[in-house]
1. Within the set of pairs 6 or more residues apart or between chains, which connect a residue that is surrounded by 14 or more Cβ atoms within 10 Å (Cβ to Cβ) inside the range B:178-195 to a residue that is assigned to a helix (DSSP H, G or I) and among the small types (G, A, S) with Cβ atoms less than 9 Å apart?
2. If only one of A:C309, A:C314 is away from chain B (no Cβ under 14 Å), at pLDDT 95 or above and within 12 Å of the ligand (Cβ to nearest atom), which one is it?
3. Please state which of the following conditions A:S185 fails to meet, knowing it meets all the rest: (1) surrounded by fewer than 19 Cβ atoms within 10 Å (Cβ to Cβ); (2) under 25 Å from A:I312 (Cβ atoms); (3) more than 10 Å from the ligand (Cβ to nearest atom).
4. With the requirement that a residue be assigned to a strand (DSSP E or B), among the hydrophobic types (A, V, I, L, M, F, W, C) and either touching an Asp or Glu at 6+ places or on another chain (Cβ under 7 Å) or within 14 Å of another protein chain (Cβ to nearest Cβ) (or both), what does the range A:498-525 give you?
5. Would you check which residues across the range B:1-17 are at pLDDT below 95 and surrounded by fewer than 22 Cβ atoms within 10 Å (Cβ to Cβ) and list them?
6. Identify all residues within the range B:109-123 that are part of a helix (DSSP H, G or I) and at the interface with chain A (Cβ under 9 Å from one of its Cβ atoms); write none if there are none.
7. Go through the range A:322-352 residue by residue and tally those that are touching a Lys or Arg at 6+ places or on another chain (Cβ under 6 Å) and among the charged types (D, E, K, R).
8. Is it the case that the range A:437-460 has a residue that's over 23 Å from the mean Cα position of the chain (by Cα), among the hydrophobic types (A, V, I, L, M, F, W, C) and not in a strand (DSSP E or B)?
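The values are calculated or read from the model by the stated rules, or taken from the named source; none is laboratory data. Since the model is a prediction, treat every value here as computed from it, not as a measurement. FYI the Cβ positions are ideal-geometry reconstructions off the backbone, even for glycines, and counts take in every protein chain you see.
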Amino acid sequence: MEEKLRIGVFVCNCGTNIGGFLDVPEVAEYSKTLPGVVYVKENLFTCSESGVNEIKEGIKNNNLNRVVVAACTPLTHEPTFRAACEEAGLNPYLFEFVNIREQCSWVHKNEREEATQKAKDLVRMGVARASKLEPKDRITAGVIPSALVIGGGISGLSAALSLANRGFKVKLIEKEKKLGGLVKSLYKIYPENINAEEYINQKINEVKKNKNINVFTSTEIKNVGGYIGNYKVKAENDKGNELNFDIGVIIVATGAKTLSPEGLFSYDGKKVIDMLQLEDKLKNDGISQYKNFVMILCAGSRNNERVYCSRICCMSAIKNALLIKEKNPESKIFILYRDLQAYGTTNEETLRRAKINGIRFVNYSLNKLPEVEDNTVRVYNEILGKELLIPADLIILATPLVAPEDNENLSKKLKVTLDENGFYLEAHIKLRPLDFSTNGIYVCGTAHWPASTEESTTQALGAAARSSIHLEKKYVMVEPIVSSVYYEDECRGCGLCASLCPSNAIEMVETPKGVKAKVIEVACRGCGICGASCYRHAIRMNHFSDEQIKAQIRAFLEE
Amino acid sequence: MCSGRIDPSLIMEAFVNGADGVFCGGCLLGECRYISGNYQAQGKILLTQLALKRAGISPERLTIKFMSSAEAQKFVKYVSEFMDKIIELGRIGKAENLSENELKLKLEAVRNALEGKKLRWVVGKRTEFMESGNLYNEIFTAHEIERMFKEVVMDEVDLQEILLRLKNKPSSVKELSEKMRLPSHRILREIANLKKMGLVELEDVSGSSPLWKTVDE
Ligand SMILES: Cc1cc2nc3c(=O)[nH]c(=O)nc-3n(C[C@H](O)[C@H](O)[C@H](O)COP(=O)(O)OP(=O)(O)OC[C@H]3O[C@@H](n4cnc5c(N)ncnc54)[C@H](O)[C@@H]3O)c2cc1C
């Protein structure tokens, strides 16, 4: 038998935040007339201790089986009110929040009557939805306390160390023979110009010594199955051995590579080289025979083909220009640039130092690219408005960092997204910058976007911290606001829902009745795309079901 | 929940219950927390607009706008513009020149069409068609998708409207053609489809214009 609805409505004044701009007593009075409502209480502050107690007492004394609070936003106080319900013995998902502050009193400060009317509409809708709410249990699943870090550059090394030092087991997978990534090929690292090789070797040694880290070089990921807390990863090394790991969380730190300079500005690898070759020459004292240096920035970047800025090339060039000057004060260095990325106080300072030390900066535009000729570079100086002929013994092209082609492949295995340039795409640029949209997988370093080692390391520590939340807790708990294949008989196993799911939370499984969709509840983030798309209406969205939303719509349109 | 949760059936719930306009708001395209949710919403809104239009109801009564949570001004602007539009159109049915009964029937037909398997399948497959192509690896442009939508929507909405009309009252092709202001060959085509599906049958074969009715369950 269906239980009889006993709905309690609590209307908050929020001091004067609500009460000052609309007629709260009238809204409360009106609430009493709504179907199913048996108890109404006006609060000065529903979120205060006394307010919360009034909810609890209201539930107990009136046998309430639904609670509606008309106050502020779920972001601020939903947990408070849900907890109050729970403490009074009511399932927290039988609670409904109506926002009459941000969405009403605050935006209609000069229309008291209309605001009051709107608040009534909102409460009526909330009560209608509350009538259709169902009790739900929070969903929990265990987390294997072990992390997989893919990529052994500075980012991967830093993330692995951070997790290992906190006691978690880490599997570090590097596809090359040696750890270290791009930094291994550098001479010095700006801003402090520390020795790149010493720095990276120290990190590598720390990693190798750490008992919590297992390093697998010359190894590549073959397959990734499972979901947050419980990934099954298959990898293979160059000897053809298959490795299997049970993993709780995954960090992607696969870095980037530089664009090949082939075909750009008469590149020949001898007189015209790229920045990595210059780093190598600096390392091996290979620049003493040159006097006139010209660096061309944005070589092959910020054009139609590659619109983005690679962010690290300006500073790498300025760094190396200064290092050349240090070794050979007589040298003449021109840096041809389009815009300069010297952000932050230290970089600004380095740029200033470069100018003081006589390094010349010449601005060119994409319309008039510099031309490399025998022993000279011809460039149209945008600022002077005239052409310059610069003598050059060594020409260095700063080509951008680009996404490795392999990203395509690995991203599919991980079921994470790439951006239009092939770099890994975070879940949200501001709210979740280190997470992937798929729960349990994180990104850091130049795998995500061109970044300096400092930025990469910061991100690596952040990603380690983010992922460690799950490792530390040993379980993941998710709101039961997930989809479910509620009408399983309707499901034809077409896989449309699985293909549209942005969280990869739907798998197709064999059942005695044929292939059916199945929701992996811990992976589901409750967006509702699957339910809205299932052509046979087999999927139901828990806690935001069609019936609940339709009840709200109908209540709004009631005359 | 995401704008991708918007099921055309929810939108039609509002229209059927007397809404004069429905405004959907979503995050900026490309900035969806659920990656593709707002694109899904966009497709579903487009489909719903086409269906409304086919039924003679102004598609301007439905809109979707994208903005970030930090763009209050944009939100206010979009909502105000939409309100102005709806006020200009007036109560639903009025601008459309439809009697109350006709409006109800048309909205029901649109709802049934949008809740039906065919349209849901088509809109659901839109992403795949646009991104990875169909079985023959033909990728569809937004324009081609819209054209395809239009054709399927036309069939489905007409079909549902005929079905509802026949449920109310057995009619001849000529009568339906007049009521729906559609050429009789179109009506005939849909009737043939409905007959194939076993949903309608002839009631009375005598006379020059036979009457059709729905099949009793
Ligand atoms: C010429 C040049 C000069 C620079 N100078 C400076 C500087 O002075 N200061 C500064 O701060 N930054 C500098 N940078 C930037 C610096 O190199 C990067 O910030 C840094 O390399 C980022 O580290 P990472 O670990 O994210 O990526 P990477 O160093 O690219 O490391 C990624 C690692 O992942 C591995 N990998 C890739 N794919 C896979 C896979 N599928 N499976 C397993 N492993 C994989 C790679 O083999 C590599 O070892 C410079 C860059 C260039 C190109």
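1. Pairs found: B:S184/B:S177; B:R186/B:S177; B:I187/B:S177.
2. A:C314
3. (3)
4. Result: A:I506, A:A517.
5. Matches in the range B:1-17: B:M1 only.
6. Within the range B:109-123, B:E115, B:K117, B:K118, B:L119, B:R120, B:W121, B:V122, B:V123 meet the criteria.
7. Adding up the residues that qualify gives 0.
8. no
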